[in-house]
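Enquirer: Dropping a structure here in structure tokens format, bear with me for questions.
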Amino acid sequence: MADFERLWVYLSGNPLVSLLATLVAFYLATHINRWARHSPLVHPVLVAIALLIVFLMLTGIDYASYFEGAQFIHFLLGPATVALAIPLFDHRERVRRLLLPILLACVAGIFTAVGSTLGIAMLLGAQRETLLSLAPRSVTSPIAMGIAEQVGGIPSLAAGLVLLTGSIGCVLGPWLFRWLKIEDPSVRGFTMGLAAHGFGTAQSFTSFGAMAGAFAGLAMGLTGMLTAFLLPLIVKLFGL
């Protein structure tokens with residue numbers, strides 16, 4: 001028993017343990033999601049996060065030590081995002097023809113998402129700091145955290161709200177498509193990327209096909225970029 005404890009002390013201080021734990025958690029999460037017939041209620045990212053939280057609580061490893069080992073995966077987020085341009089390149093002619101509607105849809109979606117969020121939160125009496133953390137909830141986590149920090153929100157709270165938004169978008173999106181009888185994969189994908197960022201993009205690739213995934217990635221990237229410019233203006237319009 002003493003030998004095991006000494007071994008665990010050594011392993012827990014090794015950054016590779018965090019990397020291994022992350023990979024194992026996501027592997028288990030994908031199997032759980034497959035067992036649940038790809039239900040968005042048990043999205044692999046959410047399940048993996050829950051498993052990692054339990055792991056860190058049971059082992060007593062603090063987040064800083066965990067991130068030291070898991071930062072390699074964090075680094076891969078950038079190349080993975082850039083890689084979304086590959087399927088988009090295959091559909092570049094369709095994107096070129098729809099460029100103006102795409103840009104208008106992005107701007108309309110940003111104003112709708114931010115405006116409705118701030119309006120409802122203000123009616124419910126949310127504090128200014130909470131409002132500014134809620135505002136960028138519809139863009140991918142790294143961008144949302146940066147925007148929240150710049151406008152005076154709480155980056156960690158913004159990141160959590162982004163995950164919640166993505167989860168809800170993955171649950172409601174397919175149901176709304178069926179209800180509104182929307183079959184076009186480009187429309188489905190663009191809507192999911194706009195409203196549910198990375199979660200919606202992954203869902204589009206797995207559920208609606210490569211074209212939907214390409215348009216979802218396009219919507220996620222454009223929404224993140226435009227939100228960085230438009231959000232401070234919208235916040236001022238609300239007097240915050």
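The values are calculated or read from the model by the stated rules, or taken from the named source; none is laboratory data. What you see is a predicted model, and the numbers here were worked out from it, not measured in a lab. Virtual Cβ from ideal backbone geometry, glycine too; neighbours counted across all protein chains shown. Remember, those area values only see protein heavy atoms, side chains included, never the ligands or the DNA or RNA. Shrake-Rupley method; radii C 1.70, N 1.55, O 1.52, S 1.80 Å.
Enquirer: Can you give the longest stretch of the chain with no exposed loop site, where a site means trypsin sites (Lys or Arg not before Pro) in a DSSP loop (not H, G, I, E or B) with at most 14 other C-beta atoms within 10 Å? Please list the in-between numbers first.
Expert: Values: sites that count: Arg37, Lys181.
Longest site-free region, per DSSP loop and neighbour criteria: 38-180.
Enquirer: I've got another one for you. Considering the dipole of region 90-136 built from charges on the beta carbon (Lys and Arg +1, Asp and Glu -1) around the Cα centre, which of Leu134, Leu100, Ala113 is farthest to its positive end?
Expert: Leu100
Enquirer: Which percent of the accessible heavy-atom area of region 135-240 goes to carbon and sulfur, probe 1.4 angstrom?
Expert: Working: 3240 of 4600 Å².
Carbon and sulfur atoms account for 70 percent of the accessible area of region 135-240.
Enquirer: Ok, one more. Compute the label zone of Leu56 within region 122-155: residues whose backbone N is under 18 Å from the point 7 Å along Cα-to-Cβ.
Expert: Zone members listed by number: 141-142, 145-146, 154-155.
Enquirer: Okay, which of region 143-159 sit inside 19 Å, backbone N to the point 7 Å along the Cα-Cβ direction of Ala64?
Expert: Answer for region 143-159: 155-156.
Enquirer: May I ask for the net charge around Ala121, where only other residues with Cβ less than 15 Å from the Cβ of Ala121 are counted and Lys, Arg are +1 while Asp, Glu are -1?
Expert: Result for the neighbourhood of Ala121: +1.
Enquirer: Right, something else. What shape does region 24-148 have by the C-alpha gyration tensor, where a ≥ b ≥ c are the square roots of the eigenvalues, rounded means a/c under 1.5, and otherwise prolate means a/b greater than b/c and oblate the rest? Provide the component values of the computation, followed by the final result.
Expert: Values: a/c = 1.89, a/b = 1.23, b/c = 1.53.
Because a/c hits 1.5 or more and a/b fails to exceed b/c, region 24-148 counts as oblate.
Enquirer: Can I ask one more? If you compute log10 I(q)/I(0) by the Debye sum over Cα atoms at q = 0.07, 0.10, 0.11 Å⁻¹ for the structure shown, which of (1) -0.42, -0.70, -0.76; (2) -0.21, -0.43, -0.52; (3) -0.27, -0.53, -0.64 do you land on?
Expert: Computed from these coordinates, log10 I(q)/I(0) by the Debye sum over Cα atoms at q = 0.07, 0.10, 0.11 Å⁻¹ corresponds to label (3).
Enquirer: Also, I was wondering about something else. Would you mind calculating the relative contact order of region 103-181 from Cα pairs under 8 angstrom and at least 6 residues apart, reporting the percent as a whole number?
Expert: So the answer I get is 23 percent.
Enquirer: Given only helices, namely DSSP H runs of n ≥ 4 each adding -39500 (n - 2.57), what is the per-residue ellipticity at 222 nm of the chain, to the nearest 500 deg cm²/dmol?
Expert: Estimated from H runs of four or more residues: -28000 deg cm²/dmol.
Enquirer: Mind checking the per residue accessible area of the chain for me, 1.4 Å probe, whole number of Å²?
Expert: Details: 13740 Å² over 240 residues.
On a per-residue basis, 57 Å².
Enquirer: If I stretch the segment between Phe111 and Ile182 completely, what's the gain in nm (0.36 nm per residue apart, minus their alpha carbon distance), one decimal?
Expert: On the way: separation 71, 0.36 × 71 = 25.56 nm, distance 2.27 nm.
Stretched fully, the Phe111-Ile182 segment lengthens by 23.3 nm.
Enquirer: For the chain, what is the relative contact order in percent, using Cα pairs closer than 8 Å and at least 6 residues apart in sequence?
Expert: With pairs under 8 Å counted, the relative contact order is 17 percent.
Enquirer: A follow-up question, please. Largest first, please: the extent of the C-alpha atoms of region 109-174 along each principal axis, to the nearest Å.
Expert: 34, 27, 18
Enquirer: Right, something else. What is the percent carbon and sulfur in the accessible area of region 27-111, measuring with a 1.4 Å probe over the protein chains and ignoring ligands?
Expert: Summing carbon and sulfur atoms, their accessible area is 74 percent of the total for region 27-111.
Enquirer: Same structure again: What does the highest-first list of 152-158, 42-48, 201-207 look like by mean Cβ count within 10 Å?
Expert: The densest-packed peptide leads the list: 201-207, 42-48, 152-158.
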